[in-house]
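The values are calculated or read from the model by the stated rules, or taken from the named source; none is laboratory data. Treat the numbers as computed from the prediction; the structure is a model and nothing was measured. With ideal geometry, Cβ positions are generated from the backbone for all residues, glycine too; neighbour counts draw on all protein chains shown.
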Amino acid sequence: MSDVRVRVTIHGFEHGFEPIAVESGDAGDAPVVGTAARATAVRVRSKASSAADRAEGRERYEVVVDGWVLDATVEPAVLAALREKAARGPSEAGPHSPVSLRAQIPGRVVRVWVGLGDAVEAGQQLLAVEAMKMENEVRAPRAGTVGSVAVAIGQTVEVGDELVTLG
Amino acid sequence: MRKDAARSRRREVRDAPFRRVLVANRGEIALRIIRACHEAGIEAVAVHSDADAGAPFVRAADVAVRIGPPPAAESYLRGALIVDAAIATGSQAVHPGYGFLSEQAAFAASCEAAGLVFIGPAPETLVALGDKLAARRTADEAGVPIVPGTFEALESGSPAAMKGIVDKAEALGWPLLVKATAGGGGRGMRRVDDAGELPGAIASASREAQAAFGLSAVYLERLIEGARHVEVQLLGDHEGRIVAIGERDCSVQRRHQKLAEEAPAPGLSEGQRRNLHRLALTVARKVGLRNAATAEFLLAPNGDVHFLEVNARLQVEHGVTELVSGVDIVREQLTLAAGRPLSAEVRRAADRAPLPDSHAIEVRISAEDPARDFAPVPGVLSYWHEAGGPGVRVDSGVEEGMRVSAEYDPLLAKLLVVAGDRPKAMARMRRALDEFHIGGLQTTLPFHQWLLRQRDFIDGRLRTDLVARSWSPRPLWEDAARRAAERLIALAEERSPAAPALSTTGTVTEPERGWAMIARREGVERWP
């Protein structure tokens, strides 16, 4: 695995400290700190991600190490590289390419709020899948137009099944 | 439901000192006092600002009264409103906690004028001790050694007057401190190393004191380098009996703000302890002290003891003395305020105080960033998990999801441990710190993690400038950032085979999935 990039910044630091970027491929030279006895001294919690984060496969975490509260992002290195390239160049790839939303949990579709051709906003509810007696909403990762709805209420879905595409 | 609980408490405790007490404070200390009230069979009334409407201390109280908007000047510092609330709720006494109105003689007097018992020393005692110069004169007259310095406020209006001050300073010797006669907490205090710095230091200390306490008067004190801060817990009843139930070391400070405290003060002989307690009692008797107070001293490297001041109230760090002495100081304050004599338990604790047989440590967990000079960090506590287990006590005023306001003191909780001796207490504190987990905003936890592994602290080489000389956070947070990155990479590698492929065409992964896997992984690590 060499395709993830991790960025860690100290919570609250506005200036004077460069963010640390570690490519997993070249992390070998960093000494491993901490002993087994203090394994719980590093704790990771996910944070809310924006629609843009989700669209770009970026995850945000709060990592607490020995009481230091750190902000971290994890994203595919290839996307990070593309994003950096896009930021340098005039054209931006990504935001307007079609998005296929797939089931992340097996379950039963219990609600469908949108239909073909509907304009949706980022974060808008599209449909809900019930699993383990919990309704899990699927929301639009960005604004767009519904290109297709592949499922109907009552239908059972497996992980990876296509649900909706956004154009 | 609350009323039923209050009724049953009254039934359970015979001979409660009061029926109902108003707590004129907020946060962890308000909750601490409410707990003592309930154990003593007393109903507790909380007063609160809008910022604290849903706070744990408000919910713990039997009655809650809103007294104003968030700023302290419009709520917790409005003595007249608090007295009105006490009367309206049928309270018989007012406990002021620490800070806010706790040492204001005018507030204590207005409580008494309204027929309420002020739980603390008499108003006259607060006047005598509130002015540091008066306290210095009192101690000096009682034969208690004070820090060398002036007995009068400085008059620096003219060049001739300034010349007189410089002469006084030269006589005292450099370096020295310009100190405000009012207040505390390090405000209105300046270090001066030579005559050139003196006029500027006097001007800025005066301005700061005026802004903080409404009194600009300052005086000079010699700076005793390498000194420790030790203080003695005092309790007194209405019949004039006063005892010392032990001392604390509070040398771990940053700009005169205490960060960690312990009891007993390590490394003292029985003779030194007895001497300290005797000096504290001498000052206390001179001012007719009753209820609870703390006499503060500097302990010089050569063993000399210098009286600093008396804090005529409950101290933030009273808990370490409670853990070592076995006395519930707040409950004792309640019975003493009701006019009852010192309990047998307190008198026994006083007898044992020169020969302590256990050790307690406290660290203050505050919403402050120790990497940025302990700047306050308001925000939301997105995660809050307290330490537990044997010998651990947490006095906390917050809970998960709470917003930490910039309006008030950033103290969130006090983590205390007690064990048979100091090394065991330190080991217990290290273990408890590893258990304590806070997310959402930066706290002082990393400082305490460092402190409990710092050589001078471990060896008991305590001095008030330990933090200023040794605390350098950058290598610590850089190391923390690297460890965080390593952990995230390891987690990403682990879940990569199962995770749906990420492609540049924009297939979306559900972030919760990643988190769920991390949570499982963390769970596995905790239970190998």
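Yes or no, residue by residue, for (1) surrounded by fewer than 22 Cβ atoms within 10 Å (Cβ to Cβ); (2) among the hydrophobic types (A, V, I, L, M, F, W, C); (3) modelled with pLDDT of 95 or more:
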{"position": "B:Glu12", "(1), (2), (3)": "yes, no, no"}
{"position": "B:Gly41", "(1), (2), (3)": "yes, no, yes"}
{"position": "B:Ala44", "(1), (2), (3)": "no, yes, yes"}
{"position": "B:Pro56", "(1), (2), (3)": "yes, no, yes"}
{"position": "B:Val65", "(1), (2), (3)": "yes, yes, yes"}
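Do the conditions hold for B:Ser204, that is, is it out of contact with any strand residue (DSSP E or B) (no Cβ under 9 Å at 6 or more places or on another chain) and not hydrophobic (A, V, I, L, M, F, W, C)? I'd like the intermediate steps shown before the answer.
Working: out of contact with any strand residue (DSSP E or B) (no Cβ under 9 Å at 6 or more places or on another chain): no; not hydrophobic (A, V, I, L, M, F, W, C): yes.
For B:Ser204, the condition - out of contact with any strand residue (DSSP E or B) (no Cβ under 9 Å at 6 or more places or on another chain) and not hydrophobic (A, V, I, L, M, F, W, C) - is not met.
Just give me the residues in the range B:453-488 being free of Cβ contacts under 8 Å to residues at least 40 places away in the same chain, in a loop (DSSP other than H, G, I, E, B) and more than 11 Å from chain A (Cβ to nearest Cβ), in sequence order.
Scanning the range B:453-488 gives B:Gln454, B:Asp459, B:Arg461, B:Ser472.
Sort through B:Gly246, B:Gly236 and tell me the only one that's among the small types (Gly, Ala, Ser), under 25 Å from B:Gln333 (Cα atoms), touching a residue at least 60 places away in the same chain (Cβ under 8 Å) and touching a helix residue (DSSP H, G or I) at 6+ places or on another chain (Cβ under 6 Å).
Working: B:Gly236 fails: touching a helix residue (DSSP H, G or I) at 6+ places or on another chain (Cβ under 6 Å).
Answer to the selection: B:Gly246.
Evaluate the range B:197-211: report whether one residue or more is acidic (Asp, Glu), under 20 Å from B:Met162 (Cα atoms) and surrounded by 15 or more Cβ atoms within 10 Å (Cβ to Cβ). Before you say what the answer is, go through the steps one by one.
To start, the set of residues in the range B:197-211 that are acidic (Asp, Glu) comprises B:197, B:208.
Now narrow it down to the ones that are under 20 Å from B:Met162 (Cα atoms): B:197, B:208.
Restricting the remaining residues to those that are surrounded by 15 or more Cβ atoms within 10 Å (Cβ to Cβ) gives B:197, B:208.
The answer is yes, given that some residue of the range B:197-211 is acidic (Asp, Glu), under 20 Å from B:Met162 (Cα atoms) and surrounded by 15 or more Cβ atoms within 10 Å (Cβ to Cβ).
Name every residue in the range B:133-146 that is surrounded by fewer than 22 Cβ atoms within 10 Å (Cβ to Cβ) and either part of a helix (DSSP H, G or I) or among the hydroxyl-bearing types (Ser, Thr, Tyr) (or both), in order of residue number.
Matches in the range B:133-146: B:Leu133, B:Ala134, B:Arg137, B:Thr138, B:Asp140, B:Glu141.
Would you call A:Ser24 more than 21 Å from B:Asp369 (Cα to Cα), at pLDDT 70 or above, of a type in the set (Ser, Thr, Tyr) and in contact with a strand residue (DSSP E or B) (Cβ under 7 Å, 6 or more places away or on another chain)?
no
Run down A:Arg83, A:Arg88, A:Arg38, A:Arg43 and say which single residue is modelled with pLDDT under 70 and closer than 23 Å to B:Glu435 by Cα.
Details: A:Arg83 fails: closer than 23 Å to B:Glu435 by Cα; A:Arg88 fails: closer than 23 Å to B:Glu435 by Cα; A:Arg43 fails: modelled with pLDDT under 70.
Criteria check complete, one pass: A:Arg38.
Sort through B:Pro69, B:Pro159 and tell me the only one that's at pLDDT 95 or above and either farther than 21 Å from B:Cys37 by Cβ or loosely packed, with under 14 Cβ neighbours inside 10 Å (or both).
On the way: B:Pro159 fails: at pLDDT 95 or above.
Selected residue: B:Pro69, the only one of B:Pro69, B:Pro159 that is at pLDDT 95 or above and either farther than 21 Å from B:Cys37 by Cβ or loosely packed, with under 14 Cβ neighbours inside 10 Å (or both).
From (1) of a type outside the set (A, V, I, L, M, F, W, C); (2) assigned to a helix (DSSP H, G or I); (3) within 23 Å of B:Gly27 (Cα to Cα), pick out the condition that doesn't hold for B:Asp409.
(2)
In the range B:332-346, which residues are touching a Pro at 6+ places or on another chain (Cβ under 9 Å) and of a type outside the set (A, V, I, L, M)?
Residues satisfying the conditions are B:Thr335, B:Gly339, B:Arg340.
Would you mind stating whether B:Gly389 is surrounded by fewer than 19 Cβ atoms within 10 Å (Cβ to Cβ) and at pLDDT 95 or above? I'd like the intermediate steps shown before the answer.
Values: surrounded by fewer than 19 Cβ atoms within 10 Å (Cβ to Cβ): yes; at pLDDT 95 or above: yes.
The answer is yes for B:Gly389.
Say whether the condition of being touching a residue at least 60 places away in the same chain (Cβ under 8 Å), within 18 Å of B:Ser102 (Cα to Cα) and outside any helix (DSSP H, G or I) is met by at least one residue in the range B:32-50.
yes
Do any strands (runs of 3 or more DSSP E) entirely within the range A:128-167 hold 1 or more residues that are at the interface with chain B (Cβ under 10 Å from one of its Cβ atoms), and if so, which?
On the way: elements: A:134-139, A:144-149, A:162-166.
Counting at least 1 such residues, we get A:134-139, A:162-166.
Can you find a residue in the range B:192-214 that is assigned to a loop (DSSP other than H, G, I, E, B) and farther than 30 Å from B:Gly303 by Cβ?
So in the range B:192-214, the residues assigned to a loop (DSSP other than H, G, I, E, B) come out as B:193-194, B:214.
Now narrow it down to the ones that are farther than 30 Å from B:Gly303 by Cβ: B:214.
Looking for residues that are assigned to a loop (DSSP other than H, G, I, E, B) and farther than 30 Å from B:Gly303 by Cβ, one finds at least one in the range B:192-214, hence yes.
Would the range B:123-144 turn up any residue that is closer than 25 Å to B:Gly79 by Cβ and among the β-branched types (Val, Ile, Thr)?
Going residue by residue through the range B:123-144, those that are closer than 25 Å to B:Gly79 by Cβ are B:123-135.
In the following step, the residues that additionally are among the β-branched types (Val, Ile, Thr) were identified as B:125, B:127.
Yes, the range B:123-144 contains at least one residue that is closer than 25 Å to B:Gly79 by Cβ and among the β-branched types (Val, Ile, Thr).
Would you point out which residue out of A:Ala30, A:Ala93 is within 30 Å of B:Phe374 (Cα to Cα), facing another protein chain (nearest Cβ under 10 Å) and modelled with pLDDT under 70? Before you say what the answer is, go through the steps one by one.
Numbers: A:Ala93 fails: within 30 Å of B:Phe374 (Cα to Cα).
From the options A:Ala30, A:Ala93, the qualifying one is A:Ala30.
Does B:Ala293 satisfy the criteria of being touching a Leu at 6+ places or on another chain (Cβ under 6 Å) and crowded, with 21+ Cβ neighbours inside 10 Å?
On the way: touching a Leu at 6+ places or on another chain (Cβ under 6 Å): yes; crowded, with 21+ Cβ neighbours inside 10 Å: yes.
Here the answer is yes, as B:Ala293 does meet what is asked.
Here are some residues: B:Leu314, B:Leu342, B:Leu355. Which one is surrounded by 24 or more Cβ atoms within 10 Å (Cβ to Cβ) and either hydrophobic (A, V, I, L, M, F, W, C) or in contact with a helix residue (DSSP H, G or I) (Cβ under 7 Å, 6 or more places away or on another chain) (or both)? First the steps, then the outcome.
Numbers: B:Leu342 fails: surrounded by 24 or more Cβ atoms within 10 Å (Cβ to Cβ); B:Leu355 fails: surrounded by 24 or more Cβ atoms within 10 Å (Cβ to Cβ).
B:Leu314 is the lone residue from the list that is surrounded by 24 or more Cβ atoms within 10 Å (Cβ to Cβ) and either hydrophobic (A, V, I, L, M, F, W, C) or in contact with a helix residue (DSSP H, G or I) (Cβ under 7 Å, 6 or more places away or on another chain) (or both).
So which of B:Glu407, B:Glu400 is of a type in the set (Asp, Glu) and at pLDDT 95 or above? If you could, list the steps in order and put the result at the bottom.
Details: B:Glu407 fails: at pLDDT 95 or above.
Just one listed residue meets the conditions, B:Glu400.
Being under 21 Å from A:Glu130 (Cβ atoms) and not β-branched (Val, Ile, Thr) is the filter here; which residues of the range A:142-158 pass it?
Answer for the range A:142-158, where residues must be under 21 Å from A:Glu130 (Cβ atoms) and not β-branched (Val, Ile, Thr): A:Ala150, A:Ala152, A:Gly154, A:Gln155, A:Glu158.
Kindly evaluate B:Glu112 against the criterion of being of a type in the set (Asp, Glu), at pLDDT below 95 and either over 23 Å from the mean Cα position of the chain (by Cα) or under 19 Å from B:Ile33 (Cα atoms) (or both).
On the way: of a type in the set (Asp, Glu): yes; at pLDDT below 95: no; either over 23 Å from the mean Cα position of the chain (by Cα) or under 19 Å from B:Ile33 (Cα atoms) (or both): yes.
The answer is no for B:Glu112.
Within the range B:94-106, how many residues turn out to be surrounded by 24 or more Cβ atoms within 10 Å (Cβ to Cβ) and more than 18 Å from the chain's Cα centre (by Cα)?
Selection size over the range B:94-106: 1.
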